[in-house]
Structures are given as structure tokens and as C-alpha cells.
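K.L.:
Below are the C-alpha cells for one structure; questions will follow.
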Amino acid sequence: MIGVALQRILLILFFLFGSLGLGNSLPLSTSSRWVVDMASGRRVKLSCVNWVAHMQPMVVEGLDKKPLQDIASKVTSLGFNCVRLTWATYMFTRTQGMKFTVAQSLNSLGLGEAAMGIVSHNPSLFNLTLVQAYDAVIDELGASGLMVVLDNHVSRPQWCCGDNDGNGFFGDSNFDPEEWLQGLDIVAKRFSGKSQVVGMSIRNELRGPRQSETDWYRYIRRGVKKVHKANPNVLVIVSGLNYDTDLSFLRGTPLGVNLDDKLVYEAHWYSFSEGRRIAWKTQPPGQVCADAVRRFEDRAGFVMQGDNPVPMFISEFGVDQTGENLADNRFLSCFLAFAVERDMDCAMWALQGSYYLRNGQAGFEETYGVLDGNWDQTRNTNFQERFRLLQQIVQDPRSNASTYLIIFHPLSGRCVRVNENNSVEASDCRDRSHWSYEGGQAPIRLLGTDLCLSVMGDRLPATVSSDCSSEQSSWIIVSNSKLHVAAKDVGGRALCLQISTSNSSTILTSKCVCSKDDTNCGENPETKWFKLIPTNLKLN
């Protein structure tokens, strides 16, 4: 018991102090598949949230709800270290964006209530031009210690995205490639003196009937060169085809542009990506998860592997934060298991709880928004616990420490720990135990002790035992999803780890659900999904 208590203290000290040692200076660069700070070479994990400014008013959303400083502070308090801030090409290339004030833009669209809100909460921004107000947001984000990735979301300001919205691909009615290049040049130069601007995503979700690999190479190569020449300090972030889901063509023909270790690829991943939302709702979730992970790796994740690996930034993922969308709920558990295991750089869609104007409706509420419609609090009351491990670094490429494991439950966002009484429980991942496991059918050992995770019986709490040679302490990863962790009880029944409800701290072992034949399983196994997460962070 003393050993377990000491381990807990060390983990708390590590979280408070050790992780701070991975702090970054700017600008950023890349090393193999990792984003690093250029000065020290230490890893920097992009844990971002999307914040929209590309819509018809061309004003960053939410300034009618809260003071800018309060919003920026909220972003940091939620565990994010950066914002992916969207922009529309026309805001920087056409007279309206450069000359219109915030007041004129909102009033021209009949958004009098939003205008009054900005006067109330952000009066200093009301008579600035749209570009000046955008500058002010970036300045405040920097002052709050946040990094900024500037995302060219659309050319014509509007909601994104559709196959035939005129904004999808080079040569579409609202997507003049030369004007796009002009916009990239203007923005890269304008913010070159702001160190908080660490990256530029050169185009969001290329798509539609005109898309082709030939034109992708033609214009993307010009775009990345334009940005890198104008601002050699920023990461240049490149998307693929089919709504940012497909970079597979790079296997045959690399981009072939030297960006001095500044190239990052990006991809988007939602339950509805590639038309899969119905599958998440109606098909066995374990099989759907396994297929989705395999497809993401084949079409995008492969860039992190091979002889010349490049960082992959999942620049959009998100779910209905109300918890009422079954497909999104199942997708999220799968996504978190994958993204935490790979320790991915990510940007959640989205911060905004509402829009000034969307789909012709003033004050349109965003259920994918982290914040509620009033921008007061998170829609999901368990938001910070659910996403905490995703936001943290779990792999340090410069560490020489041995790899060990975190046992993660993606449905709750909690981690398995052994408390002072040697009871096994689910806890906030800030206070987690570390484990070792050799794979196959083997014990899962509590690091620094002679204890192993053990089965007592069906619907009974998991425990730890000093007998690590019995079947009850011999675990195997089962199912196509690789998210079930099972051992046998004294009667020879295979039992899986389970948290009975998403907010429970009790970890049970019970009959495995959908572990042997995912293809014919109609039950929802999420309460039994656990992932063994490798980490090599040093324990001080």
C-alpha cells in the first residue's frame, strides 16, 4: 500500500511539474512525425479548438456574447493551448473586408442584436475594420498564451461545406486560384511579426466535382511556396481531397517541396466522414470503429510512417456536445482511443456556441460547440475530464525512458488507477496508475509493485493480486476493435473490464460483449472499451 501511495504522489508531482518541462518557445518546426519548438527541439503538442471567423459577417463569432479577453481565458481554462482561427480569402483581397467596419458588416446583414451585443461586450472593436478586429483577436489570443493556426476556410465568406457551393476546388465560381494565392501572401506577411501565429492551413476541405490530383499538386505546390516565402517561421499545413479525408495519392507522388522542416499534413474526421454516420448508428460499433481506424490510417495517417514521416494534424474532429447523437457518441469513443494512443495533434470543432448568422438564421445555435449558446459554460458538463488525456503529451520523442502503459476508458475519459487501499478504480487521468504488459496472454502489472490486475468474477470489481501467474491475472486484447481487455475467472469464463456507467468510478469485470464476432453483434460495447496507451514520459 505504501508503494501505491508513493506512486500516486509521484504522478501528481509529474503532472504539476514534469509536463511543464515540455513547454515550448516559438516558432515551431517539425522533426520526423512530431511538431517541436525550433529552439530546443522539444515536442509541442497542438491541442487546439476551432474558432470561426469565415462566415458572412467576417467577424469572429461570440464577440456579442462575452468580452474577447474572457473568451480567450475560457479557451485556456478548458485545456487548449491553441486556436485554429478561420478566415475567408475575400476578407483580405476585396474592398469590403479591408474597408468595412464591424458595425457596417453586421448592420448590412440586419444583425442589429449582434451589433448591440458587441457594443456592450467589446466596444473597442465595434468601429474597427474587419481586418483590424481580426488582428485584435489574434493579439488577445497571444496575450493569453495561446498559439494560433490561421485556416483559409473559404474564399467567399459562407458556411462550409458542400460539393456545389462554389468554394470547393480551384477554378470553382468562388475559388479563383490566383486570388487565393494573393490572399495567402497577404495573410502570411501580415502576421509574420506575431510569434503566436505558428501555422497556416492553406485551404480547408477541398472537394466537389472539379477536384483532381493533377490540379491539387499544381496549386498546392504554389500555395506552400507562397506562404513559406512570405513567412518562413510558420508551419505550412496542407489538406488533401474529398473534404480533407484523402491524402493517399501521396504514396505514389510526394509533394516534393522543400519547406525547411515546416510541412504538416492535416485531415478531418467525423462520424459523417465519407458518409459513415448511418453505419455508426446501425452497425456493430466495434466493427465500424475497426474499419474507420483502418481507413484513416490508409488514407491519411500513413504520412506519419515510413522513411520520411511528416506530422499529421487532425485539424477538425467533433461531435454533438449535447450527447444526443448516437452516431457521434460511438464515433467519439473510437476516435479518442485512436487519437490518444497515437498522441495526435488535434483541433476540436468547435469553440462557438452560436453564430451571428448561419443558414439565414440570426443567433443560430451550434450543438457541436464546446460552449453553450450563451457562451457561459460547456455543453458537456464532463468536458474537461473526457478530453484531458487527448490534450496532454503522452509520447516524448526525446525521452530515453522505458515505455509503460496507461489504461484509458474512452467513453468516460477516465484512467485506471489503484488507490491507497489497493482498490482498482476509474479516476481523472491526472491521477492515474502506470502499468506494463508484454502482450499476448500475459499479466498486466502495476508499475513499481509486485501486483497485477486480476479478475474476481462476473459483475464483481476488478482487483489487484500478488499472484501474477494465475489465469485470473492473465489478460488478452480481444475483438476486431482491439478495445476489449479480457481474462478468465476461476470457472474459465472470459470476462472483460467494464465501467458500469460513464460517470462511475467502479471498474468491474463482466461477460465480454461483441468481442468474438463484431460483425454479428448488435449490442453497444462502449462501457467495456479500454485502450492500453503507451507512454515514455519520465517519472521524476
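The values are calculated or read from the model by the stated rules, or taken from the named source; none is laboratory data. All figures in this text were calculated on a predicted structure; none of them were measured in a lab. Glycine also receives a Cβ, built like all others from the backbone with ideal geometry; neighbour counts cover every protein chain displayed. When the accessible area is computed, the model is the full protein with side chains, heavy atoms only, and any ligands, DNA or RNA have been set aside. Shrake-Rupley method; radii C 1.70, N 1.55, O 1.52, S 1.80 Å.
K.L.:
Amide H to amide H, which residues 5 or more places from V148 or on other chains are under 5 Å from it, using H placed in the peptide plane?
P.N.:
Residues meeting the criterion, in which the H sits 1.01 Å from N, are V83, V197, V198, G199.
K.L.:
Which of K488/K511; K488/K528; K74/K194; K74/K262; K189/K226 have a Cα-Cα distance over 19 Å? Before the final figure, lay out the partial values.
P.N.:
Values: K488/K511 10 Å; K488/K528 15 Å; K74/K194 22 Å; K74/K262 29 Å; K189/K226 10 Å.
Over 19 Å apart, Cα to Cα: K74/K194; K74/K262.
K.L.:
Ordered by residue, what ³J(HN,Hα) values in Hz, to whole numbers, does region 368-385 give under the Karplus form 6.51 cos²θ - 1.76 cosθ + 1.60, where θ = phi - 60° and Gly and Pro are x?
P.N.:
7, x, 4, 8, 6, x, 8, 6, 8, 8, 6, 5, 9, 5, 9, 3, 5, 5
K.L.:
Additional query: No partner Cβ under 4.7 angstrom, meaning no disulfide-compatible partner by this rule: which Cys of the chain qualify?
P.N.:
Unpaired cysteines in the chain: C346.
K.L.:
Once fully extended, how much extra length lies between D458 and S192, figured as 0.36 nm per residue of separation less the alpha-carbon to alpha-carbon distance?
P.N.:
89.7 nm
K.L.:
Could you tell me which of rounded, prolate or oblate describes region 88-194, using a ≥ b ≥ c as the square roots of the eigenvalues of the alpha-carbon gyration tensor, with rounded for a/c under 1.5 and, failing that, prolate when a/b is larger than b/c and oblate otherwise? The partial results should precede the final answer.
P.N.:
On the way: a/c = 1.98, a/b = 1.29, b/c = 1.53.
Oblate, because a/c is 1.5 or more while a/b does not exceed b/c.
K.L.:
Run the dipole for the chain about the Cα centre, Lys and Arg Cβ at +1, Asp and Glu Cβ at -1, nothing else charged, and hand back the magnitude in debye, nearest 20.
P.N.:
It comes to approximately 740 debye.
K.L.:
Now a separate question. Would you kindly calculate the mean projected area, averaged across all directions, of the convex hull enclosing the Cα atoms of region 264-348, in square nanometres?
P.N.:
Value for region 264-348: 5.3 nm².
K.L.:
Next question, about the same structure. Calculate how steeply helix 2-13 sits against the longest principal axis of the alpha-carbon atoms of the chain, using the helix alpha-carbon long axis, and give the answer as 0 to 90 degrees to the nearest 10.
P.N.:
10 degrees
K.L.:
A further question follows. Quick one: which of 423-429, 137-143, 214-220 comes out on top by average Cβ neighbours within 10 Å, and what's the full order, highest first?
P.N.:
Peptide ranking by packing, descending: 423-429, 137-143, 214-220.
K.L.:
While we're looking at this one, here's another question. Would you grab the residues whose amide H sits under 5 Å from the one on V36? Only those 5+ places off in sequence or on another chain, please, with H modelled 1.01 Å from N.
P.N.:
HN-HN under 5 Å from V36: S29, T30, S31, V44.
K.L.:
Further question: Fully extended, how many nm does the chain gain between K538 and R218 (0.36 nm per residue separation, minus their Cα-Cα distance)?
P.N.:
Length gained, K538 through R218: 110.7 nm.
K.L.:
Which FRET efficiency value, to the nearest 0.05, do you get for D135 and N400 by plugging their Cβ-Cβ distance into 1/(1 + (r/R0)^6) with R0 = 45 Å?
P.N.:
Values: r = 43 Å, r/R0 = 0.96.
For D135 and N400, the calculated efficiency is 0.55.
K.L.:
Also, quick follow-up: Given contacts defined as C-alpha pairs under 8 Å and at least six residues apart, what's the relative contact order of the chain, whole-number percent? Please list the in-between numbers first.
P.N.:
Working: 1203 pairs, mean separation 76.8, N = 540.
After rounding, I find 14 percent.
K.L.:
Another question, then. Roughly what would the spin-label model give for D291 and S504, points 7 Å off Cα along C-beta, in nm?
P.N.:
Result for the modelled spin labels: 3.0 nm.
K.L.:
How large, in percent, is the carbon and sulfur part of the accessible surface of the chain at a probe radius of 1.4 Å?
P.N.:
Of the solvent-accessible surface of the chain, carbon and sulfur hold 47 percent.
K.L.:
Something else now. Which value results when the Cα radius of gyration for region 463-515 is divided by 2.2 N^0.38 Å?
P.N.:
Against the compact-globule rule of thumb, the ratio is 1.16.
K.L.:
How large is the Kirkwood hydrodynamic radius of region 32-146, in angstrom, based on all distinct alpha carbon pairs? It would help to have the intermediate numbers written out before the result.
P.N.:
Values: mean 1/r = 0.0661 Å⁻¹.
The Cα-based Kirkwood calculation yields 15.1 Å.
K.L.:
Please state the shape class of region 267-417: rounded when a/c is under 1.5, otherwise prolate if a/b exceeds b/c and oblate if not, all from the C-alpha gyration tensor.
P.N.:
Numbers: a/c = 1.68, a/b = 1.47, b/c = 1.14.
Since a/c reaches 1.5 and a/b is larger than b/c, the shape of region 267-417 is classed as prolate.
K.L.:
Of all the C-alpha pairs in region 335-459, what % are more than 23 Å from each other?
P.N.:
Across region 335-459, Cα pairs with separations above 23 Å total 48 percent.
K.L.:
In Å, what Rg and Dmax follow from the Cα atoms of region 407-540?
P.N.:
Answer for region 407-540, Rg first and Dmax second: 13.9, 47 Å.
K.L.:
While we're here: How much length is gained on full extension from S40 to S466, taking 0.36 nm per residue of separation minus their Cα-Cα distance?
P.N.:
Result: 149.0 nm gained on full extension.
K.L.:
Going by a ≥ b ≥ c, the root eigenvalues of the Cα gyration tensor, does region 149-268 fall in the rounded group (a/c under 1.5), the prolate group (a/b larger than b/c) or the oblate group?
P.N.:
It is oblate, given that a/c is not under 1.5 and a/b is not larger than b/c.
K.L.:
Let me ask something else about it. Would you calculate the separation in nanometres between label points at N164 and D261, each defined as 7 Å from the Cα along the Cα-to-beta-carbon direction?
P.N.:
4.8 nm
K.L.:
If you don't mind, there's one more thing I want to ask. Would you calculate the separation in nanometres between label points at M98 and N359, each defined as 7 Å from the Cα along the Cα-to-beta-carbon direction?
P.N.:
Spacing of the two 7 Å Cα→Cβ label points: 3.6 nm.
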